[in-house]
Amino acid sequence: MKMSPDTGFAAHASRRARLAGRLGNAVAIVPTAPERIRNRDAHYPYRYDSYFYYLTGFREPEAVLVLTGGERPQSILFCREKNAEREIWDGFRFGPAAAREAFGFDAAYCIDELDARMPDLLADRPAVQVHLGADAAWDARVLGWINVVRSRARSGVAAPTDIHDLHAVVDEMRLLKDDQELALMRRAGAISGAAHRLAMQATRPGVAEYEIEAVLQHEFRRQGAQAPAYTPIVAGGANACVLHYVENSGMLADGDLLLIDAGCELDGYASDITRTFPVNGRFSGPQRAVYELVLAAQAAAIAAVKPGAHWNAPHDAAVAVLARGFIDLRLLTGTLDSVLEQETYKQFYMHRTGHWLGLDVHDAGEYKLQGAWRELQPGMVLTVEPGCYIRPGPGVPEAFARIGVRIEDDALVTAAGCEILSADAPKSVTDIEALMRRGHA
Ligand code: GLY
Ligand code: MN
Ligand code: MN
């Protein structure tokens, strides 16, 4: 069997042990994601559930992890049975015995036994940790198991009385990346950085946005990443002012900028990089002015990513630079204080400066604790992605109209400040123009 690069499931086992340590005598139940039909017999590409994968490393559909706390924690996998006939059609599946061995579970059973075994696993447990509210059928199934235990009350069995949201506990674990996760995120950043370099070199007037998307996707797969972490945005000219432009069907025109927001997913982990550069390889005066402003805002935001800084510090730093720049470029009138107070900068910068990054591109973890922005700590990974999107309108100088710029990097908080995981993608004007000259040669 072809083993994936993150075999050796010690990291997953150690996460289960840490979660078990927080369970008391409770039981955690974590299902993976269902397969989803795209149309008729065709499925969407399968993607396991991030929580389930974080705790197991197991990628097959139709699987549930049950983790029992207490003095002797048990980690139990329910998964698909071996099936020689189905494996001819769909490929290898572990089956419970091999999965238990390979992934280090204490026990493993066929998924068909889940309903029969869950009431016993829940008996005399005070609480259940599970995520309810995402799938009504799953919710009903969990409550059904609890009701079976309740129905056994006369035989002296106690049913769980508390249900806690499993995500609340695991989100906090996922927020601080371990070494195995960081190795994958560094590699994902390097692959995506290489893809952005190739995209810059392939860009020229007359090429279609989807051709550049193909260059990115080709490099992701060529280097072993399984998928894009989100639908790539390849937005030429005014398309860059549509924040979630994913059509990628336009032609790239001489004199326009191209904004690319694309990152691969490697063994479950996302990268998320945006670069903006001129289609013909040379920034015009107005394009350069806007670009340098966004780059300066990003530099200020990155300087604010360090332990002890609060979550919003990078955003505040970026907004201060952008607001000043919008006034200097005569995109806005007023004083810096009035632009910040009245939030008129939102005409050109309407999104936030970042988000957590990990198994999900918008990753797990609270941004505020007890009403206050949380402090950054070493091991957290976040994006830093200021932008400027200038739609034509009253008072907007024509020279700047339809320019859209975003620059996005992935930052790991370290003891000293931060490490940029996406540094392979060039972003200074000089580096971009030099790379594109080589690409166009
Ligand atoms: N690509 C998604 C984002 O930047 O948040
Ligand atoms: Mn992002
Ligand atoms: Mn992005």
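The values are calculated or read from the model by the stated rules, or taken from the named source; none is laboratory data. Here the structure is a predicted model, which is why all the values come from computation and not from measurement. Don't worry about glycine lacking a Cβ; one is built from the backbone with ideal geometry, like all the others, and counts go over all protein chains shown.
Below is a table of values for the structure above.
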quantity	calculated
Scan of segment 360-406 for residues that are within 16 Å of ligand 3 (Cβ to nearest atom), assigned to a loop (DSSP other than H, G, I, E, B), under 13 Å from the mean Cα position of the chain (by Cα) and in contact (Cβ under 8 Å) with a residue 12 or more places away in the chain, ordered by number	ASP360, VAL361, ASP363
Any chance LEU293 is touching a Phe, Trp or Tyr at 6+ places or on another chain (Cβ under 6 Å) and not in a loop (DSSP other than H, G, I, E, B)	no
Strands (runs of 3 or more DSSP E) lying entirely in segment 1-82 (those with 3 or more residues that are surrounded by 19 or more Cβ atoms within 10 Å (Cβ to Cβ))	27-31, 64-68, 74-79
Residues satisfying the stated conditions in segment 132-183, i.e. charged (D, E, K, R) and more than 30 Å from ALA10 (Cα to Cα)	ASP135, ASP139, ARG141, ARG150, ARG152, ARG154, ASP162
Number of the condition not met by GLY379 [criteria: (1) away from ligand 1 (no atom under 16 Å from the Cβ); (2) out of contact with any Pro (no Cβ under 6 Å at 6 or more places or on another chain); (3) more than 19 Å from LEU184 (Cα to Cα); (4) of a type in the set (Gly, Ala, Ser)]	(3)
Meets criteria (surrounded by 23 or more Cβ atoms within 10 Å (Cβ to Cβ) and under 21 Å from ALA190 (Cβ atoms)) for SER428	no
Selection count, segment 246-264, where residues are surrounded by fewer than 24 Cβ atoms within 10 Å (Cβ to Cβ) and either within 16 Å of ligand 1 (Cβ to nearest atom) or within 17 Å of ILE420 (Cα to Cα) (or both)	3
Neighbours by Cβ (under 9 Å, 6+ apart or cross-chain): first from segment 268-296, closer than 20 Å to PRO397 by Cβ; second assigned to a helix (DSSP H, G or I) and within 16 Å of ligand 1 (Cβ to nearest atom)	THR276/ALA240; THR276/VAL294; VAL294/ALA318
Per-region count, segment 249-273, residues closer than 27 Å to VAL381 by Cβ and either at pLDDT below 95 or more than 14 Å from ligand 3 (Cβ to nearest atom) (or both)	5
Odd one out for LYS306, checked against (1) within 28 Å of the chain's Cα centre (by Cα); (2) in a helix (DSSP H, G or I); (3) of a type in the set (Lys, Arg)	(2)
Residue that is farthest from ILE302 (Cα to Cα) [pool: residues in segment 334-351 that are surrounded by fewer than 16 Cβ atoms within 10 Å (Cβ to Cβ) and in contact (Cβ under 8 Å) with a residue 24 or more places away in the chain]	MET350
Matching entry among ALA214, ALA240, ALA229 (being under 30 Å from PHE58 (Cα atoms) and within 16 Å of ligand 1 (Cβ to nearest atom))	ALA229
Criterion (buried (at least 16 other Cβ atoms within 10 Å of the Cβ) and touching a helix residue (DSSP H, G or I) at 6+ places or on another chain (Cβ under 8 Å)) met by exactly one of LEU114, LEU175, LEU122, LEU182	LEU122
Subset of segment 225-257 (residues that are under 22 Å from LYS427 (Cβ atoms) and in contact with a Ser or Thr (Cβ under 6 Å, 6 or more places away or on another chain))	LEU257
Segment 370-387 - residue that is within 16 Å of ligand 2 (Cβ to nearest atom) and out of contact with any Asp or Glu (no Cβ under 7 Å at 6 or more places or on another chain) and, of those, nearest to LEU332 (Cα to Cα)	GLY387
Residue that is farthest from ligand 2 (Cβ to nearest atom), among those in segment 233-285 that are closer than 15 Å to ASP409 by Cβ and out of contact with any helix residue (DSSP H, G or I) (no Cβ under 6 Å at 6 or more places or on another chain)	THR276
Criterion violated by VAL305 - all others in (1) of a type in the set (A, V, I, L, M, F, W, C); (2) closer than 30 Å to ARG59 by Cα; (3) in contact (Cβ under 8 Å) with a residue 60 or more places away in the chain satisfied	(2)
From VAL294, VAL290, residue being buried (at least 18 other Cβ atoms within 10 Å of the Cβ) and within 16 Å of ligand 2 (Cβ to nearest atom)	VAL294
